[in-house]
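> Dumping the structure here so I can ask a few things about it.
The values are calculated or read from the model by the stated rules, or taken from the named source; none is laboratory data. Fair warning: this is a prediction, and the values are worked out from it, not measured in the lab. All Cβ positions, glycine included, derive from the backbone under ideal geometry; neighbour counts span all protein chains shown.
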């Protein structure tokens, strides 16, 4: 006979712990990045093909549309990179302690947002 | 019907995921440092970055690492969300479609990198 276990599934009250937030964003950013690969290769091809195409790429990234999309990509890449380093640490047994894991989760989340903001400011300057 | 996959393949994929992550984590910061050290990155300088054979090889290995890493990551997502009994065919079709797409990207990347002469 199955033991009766308490369960709590009030979706309005459940809060994902910070490690869960970083983890699902790691997955979401990875999925988003996976779909941009052909676009990035196309951009690389144009940028290397001729001075005119290089200029077109530079102009596109300078425009509002290209600026917003590239900043989104930069955030996705930074978050995936930092959360990935954290996971590599877990594989080696580093930072598995609950308190440390929470700190590194906050650190990777905030560092990705912070560096993205700095790059945004640098690009606007 | 024979089961698709096996007990050991998951471990191989797990290891390949980590190995490709390590290469990317080493290449990307070094490349950005190298590229951004140029005073202003105009077309001749950008092209000249990819002129040495060593850079072409290192960049192509980076592309391989990205594609391997991405394919395994997507496979993991498909396994997590498409696990109903009748989803196997859909999952295998998605593996196939992305494998073809990414292999095509690999060949394309060779053409792009080696067009710089």
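> Regarding the range B:38-47, can at least one residue be identified that is in contact (Cβ under 8 Å) with a residue 60 or more places away in the chain, assigned to a helix (DSSP H, G or I), within 26 Å of residue A:25 (Cβ to Cβ) and within 14 Å of chain A (Cβ to nearest Cβ)?
The answer is no; no qualifying residue exists.
> For residues that are surrounded by fewer than 16 Cβ atoms within 10 Å (Cβ to Cβ) and outside any helix (DSSP H, G or I), scanning just the range B:80-117, find the one that is nearest to the other protein chains (Cβ to nearest Cβ).
Once the filter is applied, the top-ranked residue is B:115.
> Taking the stated definitions as given, is residue A:88 more than 23 Å from residue B:69 (Cα to Cα), facing chain B (nearest Cβ under 10 Å) and either buried (at least 16 other Cβ atoms within 10 Å of the Cβ) or at pLDDT 95 or above (or both)?
no
> From the set of residues in the range B:28-37 that are more than 11 Å from chain A (Cβ to nearest Cβ) and more than 18 Å from residue A:43 (Cβ to Cβ), which is modelled with the highest pLDDT?
Once the filter is applied, the top-ranked residue is B:30.
> Check residue B:47 against each of (1) more than 19 Å from the chain's Cα centre (by Cα); (2) surrounded by 15 or more Cβ atoms within 10 Å (Cβ to Cβ); (3) closer than 21 Å to residue B:16 by Cβ and name the one condition it does not meet.
With (1) more than 19 Å from the chain's Cα centre (by Cα); (2) surrounded by 15 or more Cβ atoms within 10 Å (Cβ to Cβ); (3) closer than 21 Å to residue B:16 by Cβ applied to residue B:47, the lone miss is (3).
> Still on this structure, please answer the following. Take the residues in the range A:55-69 that are touching a helix residue (DSSP H, G or I) at 6+ places or on another chain (Cβ under 7 Å) and within 14 Å of chain B (Cβ to nearest Cβ), then tell me which one is farthest from residue B:15 (Cα to Cα).
The qualifying residue farthest from residue B:15 (Cα to Cα) is A:56.
> Scan the range B:21-36 and give yes if some residue there is surrounded by 14 or more Cβ atoms within 10 Å (Cβ to Cβ) and not in a helix (DSSP H, G or I), otherwise no.
no
> Could you go through the range B:5-25 and let me know if any residue there is under 30 Å from residue A:123 (Cβ atoms), within 10 Å of chain A (Cβ to nearest Cβ), free of Cβ contacts under 8 Å to residues at least 40 places away in the same chain and out of contact with any strand residue (DSSP E or B) (no Cβ under 7 Å at 6 or more places or on another chain).
So far as the range B:5-25 goes, yes, one or more of its residues are under 30 Å from residue A:123 (Cβ atoms), within 10 Å of chain A (Cβ to nearest Cβ), free of Cβ contacts under 8 Å to residues at least 40 places away in the same chain and out of contact with any strand residue (DSSP E or B) (no Cβ under 7 Å at 6 or more places or on another chain).
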